[in-house]
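Take a look at the structure below.
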C-alpha cells in the first residue's frame, strides 16, 4: 500500500502555502452543534464522519511559526488557531491523559511520568491503565458504536489506548503493522514519528476508523531548537504526511495540539542533595523521569518532594523557598488546588523552576547543563488548531479543550 496508490484520483491538499481551501477539496465547515460538556448523550454520528486528533510532542508555537508547514498553516487560516496552554506539570503523560480523558489530573489521576510510593519507598513509571481513573475518548466512542484507533511513537503511552479498537506503537509495533510500515523504530530518530503518522493514515483508510488519536515523540525538540534545519526538516515531513491524510479524506476533521513546549536549560539542581545538606530526610522526584534518558537526562522543570517526617514540612518549605532557581513552591494541598492535581499522588511539596532551571539527580547539589527540557510553567504554551468544523474560538484556551468541547453529534 504505497503513498502513490493513495494519491491516484485525488487532488493534493496543498501545492504550497497559498493553496486555497477549495483547491484542497475540503468540505464546507459545518455549524457547531454545541452541547454542555456535562451533559453527554448517545451520538448521532454521521457514518462518513472521520476525525483525527494529533498530539505533536514538544511542539511549541515557536516550532510551528519557524518551520515550513504549509498544510498546518492553511488549516490555521481556514479553521481556528489559538495559542493556548497545556496542563502543569508540562509533561507527556499528564497532558495526553488529560486530553484523552477530557479532564484534569485531579480526576484522571496521572500526575507525572513517574510515581513514588511513599509507603514502600519505591517508584514506578506511570505507564499502566491501572493509574487511569477516568474513561478515555475511546471508551466513550465505543459506547456510541464509533470505531477508533490509537497510534503512538512512544510505547509508554499505550496505557492510554484503553477502549480503542486498534492500537499500536512505532517503538514496539505489532507484527501486522511492522510488516506494513517497518520494524520497531529507533526512538532517537525523526523516523519514528513518520511511522506514527503513516499508521494513523492506515487506521483511517484501511481500518475505517472514525476517530484516530496519534501522538508523536519529542526527541527532535529536545535535541534541536526551532531554527535548526534538522528540526525544520522533521516538521516539514510531518506536515507533508498530514497533507496526504487530508488528501485521502477531504472532509476530515483535524484537531492538532501539543502536550508541552520546550526550553533551553542551563542550571540543574538536585533537590534531594539540597535538603540533605540541611539535615532533612526525604525523597526528591523529578517528575519528568521516564525511560527516555537521552531526551532529557531525567532533568525537568518540576519536582515533587516527599518528606520522611511531617514535622520538617515548614522548615523544608522555607529552605526551598529561598533557593535560587525555584520560581514557584507549593505545599501539597496548595498544589492540588492550584493545578487540579490528584493529591494522593503528589509530594508534600511541589516545585516549579525558572525558565533555565531543571531538577534531578546530580553528582553535586548544583551543576551547569546544556539541554532542552520541560516540566515547568514556561513549557505550557501550545498551539491549538481546529480544522474541518466550525467551533467557538472563545472555548479553546487549553489543549484539553479539544476533547472537552468535542461535539459527538454529526
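Read-outs throughout are calculated quantities, based only on the coordinates presented, and are distinct from any laboratory measurement. Predicted model, so just to flag it, every value in this text is computed and none were measured. Here Cβ is always computed from backbone atoms with ideal geometry, including for glycine, and neighbour counts include all displayed protein chains.
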(request) Treat the count of other C-beta atoms within 10 Å as a stand-in for reagent exposure and order 366, 46, 289 from fewest to most. (result) 46, 366, 289
(request) First measure r as the distance between the Cβ atoms of residue 229 and residue 367, then evaluate 1/(1 + (r/R0)^6) with R0 = 41 Å and state the FRET efficiency to the nearest 0.05. (result) 0.85
(message) Give me P(r) over the chain, computed from all C-alpha to C-alpha distances, binned every 10 Å, as integer percentages.
(response) 5, 23, 32, 23, 11, 4, 1, 0
(request) When a/c is below 1.5 the answer is rounded, else prolate if a/b is larger than b/c, else oblate, so apply that to region 40-96 with a ≥ b ≥ c taken from the square roots of the Cα gyration tensor eigenvalues. (result) oblate
(message) Out of all DSSP beta bridges in the chain, what portion is antiparallel? Express it as a percent rounded to 5.
(response) 60 percent
(request) May I ask you to derive the FRET efficiency for residue 281 and residue 172 from their Cβ-Cβ distance with R0 = 25 Å, giving the value to the nearest 0.05? (result) 0.05
(request) Please determine, in degrees from 0 to 90 and to the nearest 10, the orientation of helix 92-101 with respect to the longest principal axis defined by the Cα atoms of the chain, where the helix direction is its Cα long axis. (result) 50 degrees
(request) Return the distance in nm (one decimal) between the two label points of a simple spin-label model at residue 129 and residue 334, each offset 7 Å from Cα along Cα→Cβ. (result) 3.9 nm
(request) List, largest first, the extents of the alpha carbons of region 264-373 along their principal axes, each in whole Å. (result) 36, 31, 23
(request) Please work out whether region 169-222 counts as rounded, prolate or oblate from its C-alpha gyration tensor, where a ≥ b ≥ c are the square roots of the eigenvalues and a/c under 1.5 means rounded, while otherwise a/b larger than b/c means prolate and anything else oblate? (result) oblate
(message) Suppose a student asked you for the relative contact order of region 264-373, using Cα pairs under 8 Å spaced at least 6 residues apart; what percent would you report?
(response) 45 percent
(message) Under the rule a/c < 1.5 gives rounded, and otherwise a/b versus b/c splits prolate from oblate, where does region 85-215 land using the Cα gyration tensor?
(response) oblate
(message) Nearest 10 degrees is fine. How inclined is helix 229-248 to the longest principal axis of the chain, computing both from alpha carbons?
(response) 40 degrees
(request) Before anything else, pin down the relative contact order of the chain: Cα pairs under 8 Å, at least 6 apart, normalised by residue count, whole percent. (result) 29 percent
(message) Can you give me the C-alpha center-to-center distance between region 326-369 and region 129-197, rounded to a whole angstrom?
(response) 30 Å
(message) Based on C-alpha coordinates, I'd like the Rg and Dmax of region 185-342, in Å.
(response) 21.1, 64
(request) Starting with the fewest neighbours, write out 261, 78 ranked by other beta-carbon atoms found within 10 Å of each beta-carbon. (result) 78, 261
